[in-house]
1. What distance in nm lies between label points placed 7 Å from Cα along the C-beta direction at Tyr55 and Leu68?
2. Between segment 69-83 and segment 44-66, what's the alpha-carbon centroid distance in Å?
3. Over the alpha carbons of segment 25-95, what is the largest minus smallest coordinate on each principal axis, giving the biggest first in Å?
4. Relative contact order for the chain: what percent, with Cα pairs under 8 Å and sequence separation of 6 or more?
5. What helices in the chain pass both tests, a Cα length along the helix axis of 24 Å or more and a mean Kyte hydropathy of 0.5 or higher, using whole DSSP H runs?
Amino acid sequence: MQPARAWYCRDDVVDEYKSTLKEDDEKLPMLKTLKIIRAIVVNVGLFAGWIYALYLGGDPTIITVFALGVVGAYNGLELGDYLALVQAYSEIQAEANDGDD
């Protein structure tokens, strides 16, 4: 029986993380840390490109709208992926607790 999942957690992504966490015995803190570092690096790069484009004299309205769209889309995807990881981890914990009973 599959537990109820929130609407923002895609089933295929959660199932993939569950299989990774079960098979590889990967620790969640390491995955979380890697995701956070990746998000920081990408965001710093995006903001640096945004500021550099403005420095070179680009149209602030167009560049800002485009940059906010890209940053928002990227961070939305990252958040969805992170929440799927957390959902998979909580399902594995729930399965382990049910198995212990």
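1. Once both label points are built, they end up 2.3 nm from each other.
2. Centre-to-centre distance over Cα atoms comes out at 19 Å.
3. If we take the Cα atoms of segment 25-95, the spans are 56, 17, 9 Å.
4. Values: 48 pairs, mean separation 52.1, N = 101.
Result for the chain is 52 percent.
5. Details: long enough: 28-55 (40 Å, 1.33); 60-100 (59 Å, 0.44).
Membrane-span-like by this rule: 28-55.
Values quoted throughout were computed directly from the atomic coordinates according to the rules given, and no laboratory measurement underlies them. This one's a predicted model, so the numbers in the text were calculated from it and none came from an experiment. Cβ atoms come from the backbone with ideal geometry, glycine included; neighbour counts cover every protein chain shown.
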